[in-house]
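*Asks:* Starting off with a structure, shown below.
The values are calculated or read from the model by the stated rules, or taken from the named source; none is laboratory data. Remember, predicted model here, so these are calculated numbers, not experimental data. Don't worry about glycine lacking a Cβ; one is built from the backbone with ideal geometry, like all the others, and counts go over all protein chains shown. Just so you know, the surface numbers come from the protein's heavy atoms only, side chains and all, with ligands and any DNA or RNA stripped out. Shrake-Rupley method; radii C 1.70, N 1.55, O 1.52, S 1.80 Å.
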Amino acid sequence: LAAGESVKALYNEIRALRRAIILAHPSLDFETLLINKAPPTLYSHNCDQYLGMHSRAGDGLTLLTNWKTKPLARSLLKGKLPAGSTCKPKLHWDAKKVVFAFCDHTADKNNRRFFLYEAAIDGSSVRQLTGTKDDPMTRWDGRRTAKIEDGDPTYLPDGGIAFVSTRNKSFGRCHNGRYTPSLLLHRIDTDATTVRQLSFGEANETDPVVLPDGRMVFTRWDYINRNVTKFHMLWYTYPD
């Protein structure tokens, strides 16, 4: 028993040392951490998990201070948005604002949809970017085969925002008749009234981010006529 306690004490000492080494890294020298408190979706799948109808309400964007020791949490959206689900937040370059997808859960389950929102990190403002009365809600060739939903936003160097959307009105091919519209790459400009489609594939795309050289890299589930699990490849395009 004494030997066992000695091993456990050594193990805990090593864990504490490892933690101290990691947290001492210069890139972690900041006071506040932004997290998203969101429960698992009702349907877990490569596409379905991004649809509002499968989302579950959670606390959403939360700021953590004192996060290296005993974290103190402060909700960024409480009282500013109705009960809903927050997904895929991305910080602006100056860390003074954040863009994210939000699904209002006061709507009927089958009519719940994600749209883009932006909030100031100091909690002073929250505004809806897409799905508003000023949104033209344009569709590829005017088709109405799927509900419009927007998600996975990221800031662009020219002031616009890239995101994925069902505005293309196409569907995946291997979902056994489920409602699974394809999410393809789009962008909005700084005024959030001009939406432009950037990608014209048919397979789902996610996680756009900007590279240091200005290109935008994203993941495409390019499984048409291929193995359905191997081809989650990285693609790139330019923000224009």
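*Asks:* Can you give the charge dipole size of region 1-108 about its Cα centre, rounded to the nearest 20 debye, using +1 on the beta carbon of Lys and Arg and -1 on the beta carbon of Asp and Glu? Before the final figure, lay out each step's value.
*Replies:* On the way: 15 positive and 9 negative charges, 50 e Å.
The calculated dipole for region 1-108 is roughly 240 debye.
*Asks:* Along the Cα→Cβ direction, 7 angstrom out, place labels at Leu23 and Asn66. What is the inter-label distance in nm?
*Replies:* Label-label distance for Leu23 and Asn66, simple model: 1.2 nm.
*Asks:* How big is the Cα convex hull of region 33-174 in projection, averaged over all directions, in nm²? Present the calculation step by step, with values, prior to reporting the outcome.
*Replies:* On the way: hull surface 40.6 nm².
Taking a quarter of the hull surface, the average projection is 10.2 nm².
*Asks:* Next question. Provide, for q = 0.10, 0.12, 0.16 Å⁻¹, the log10 of I(q)/I(0) from a solvent-free Debye sum over equal Cα point scatterers in the chain.
*Replies:* -0.55, -0.75, -1.18
*Asks:* Provide the descending list of Cα extents for region 125-164 along its principal axes, expressed in whole angstroms.
*Replies:* 31, 21, 15 Å, listed from the longest principal axis down.
*Asks:* Once neighbouring chains are kept in place and the probe is 1.4 Å, which whole percent of the accessible area of region 1-149 is contributed by carbon and sulfur? Spell out each step's value before the answer.
*Replies:* Numbers: 5150 of 9360 Å².
In region 1-149, the share of accessible area belonging to carbon and sulfur is 55 percent.
*Asks:* Can you work out ³J(HN,Hα) from phi for every residue in region 70-81, in order, using Karplus 6.51 cos²θ - 1.76 cosθ + 1.60 and θ = phi - 60°, giving whole Hz and x for Gly and Pro?
*Replies:* With coefficients 6.51, -1.76 and 1.60, one gets 10, x, 10, 9, 9, 5, 8, 10, 4, x, 9, 10 Hz.
*Asks:* Taking only C-alpha pairs under 8 Å that are 6+ residues apart, what is the relative contact order of the chain in percent?
*Replies:* On the way: 488 pairs, mean separation 26.2, N = 240.
Computed value for the chain: 11 percent relative contact order.
*Asks:* Using DSSP loop states and a limit of at most 16 other Cβ atoms within 10 Å to flag GluC sites (Glu not before Pro), what is the longest stretch of the chain containing no flagged site?
*Replies:* Numbers: sites that count: Glu31, Glu202.
The answer is 32-201.
*Asks:* Could you quote the convex hull projected area for region 1-105, Cα atoms only and averaged over all directions, in nm²? Display every interim value, and only then the final one.
*Replies:* Working: hull surface 40.9 nm².
Seen from a random direction, the Cα hull of region 1-105 projects 10.2 nm² on average.
*Asks:* With every protein chain kept in the model, how would you rank Trp93, Trp221 by accessible area, 1.4 Å probe, largest at the top? Could the numbers behind the result be given before it?
*Replies:* Details: Trp93 150, Trp221 20 Å².
The ordering from most to least exposed comes out as Trp93, Trp221.
*Asks:* Moving on to the next point. Mind pulling the angle between the C-alpha long axis of helix 2-23 and the longest principal axis of the chain? Nearest 10 degrees, somewhere in 0 to 90.
*Replies:* On a 0 to 90 degree scale, this one is about 50.
*Asks:* Per DSSP H run of n ≥ 4, the term is -39500 (n - 2.57); total these for the chain, divide by its residue number, and report the mean residue ellipticity at 222 nm rounded to 500 deg cm²/dmol. Numbers along the way, then the final one.
*Replies:* On the way: 1 runs with 22 residues, N = 240.
Counting only the DSSP helices, I get -3000 deg cm²/dmol.
*Asks:* While we're here: Compute the relative contact order of region 40-143 as a whole-number percentage, counting only Cα pairs closer than 8 Å that sit 6 or more residues apart in sequence.
*Replies:* Numbers: 171 pairs, mean separation 20.1, N = 104.
Relative contact order comes out at 19 percent.
*Asks:* Using the structure shown, list the pairs from Lys80/Lys230; Lys8/Lys96; Lys78/Lys230; Lys70/Lys96; Lys68/Lys230; Lys68/Lys90 with a Cα-Cα distance above 32 Å, or answer none. Intermediate results must be reported in sequence, preceding the final value.
*Replies:* Values: Lys80/Lys230 41 Å; Lys8/Lys96 44 Å; Lys78/Lys230 40 Å; Lys70/Lys96 24 Å; Lys68/Lys230 38 Å; Lys68/Lys90 22 Å.
Result: Lys80/Lys230; Lys8/Lys96; Lys78/Lys230; Lys68/Lys230 exceed 32 Å.
*Asks:* Continuing with this model, one more query. On average, how much accessible surface per residue is there in the chain, in Å², for a 1.4 Å probe, leaving out ligands, DNA and RNA? Mind dumping the intermediate values first?
*Replies:* Details: 13490 Å² over 240 residues.
Counting only protein heavy atoms, the per-residue value for the chain is 56 Å².
*Asks:* Over the Cα atoms of region 173-240, each weighted equally, I'd like the Debye log10 I(q)/I(0) at q = 0.17 Å⁻¹, rounded to two decimals.
*Replies:* Result of the Debye calculation: -0.69.
*Asks:* Follow-up. How large is the Kirkwood hydrodynamic radius of region 126-209, counting all unique pairs of alpha carbons, in Å? Please report the intermediate quantities before stating the final value.
*Replies:* Details: mean 1/r = 0.0757 Å⁻¹.
That comes to 13.2 Å for region 126-209.
*Asks:* Could I ask something else about it? Just reorder Phe231, Phe115, Phe30 by solvent-accessible area, largest first, 1.4 Å probe, all chains present.
*Replies:* Numbers: Phe231 50, Phe115 20, Phe30 75 Å².
These residues rank, largest area first, as Phe30, Phe231, Phe115.
*Asks:* Heavy atoms of the protein only, probe of 1.4 Å, neighbouring chains included. What is the accessible area of Ile22 in Å², nearest 10?
*Replies:* In the full protein context, Ile22 sits at about 80 Å².
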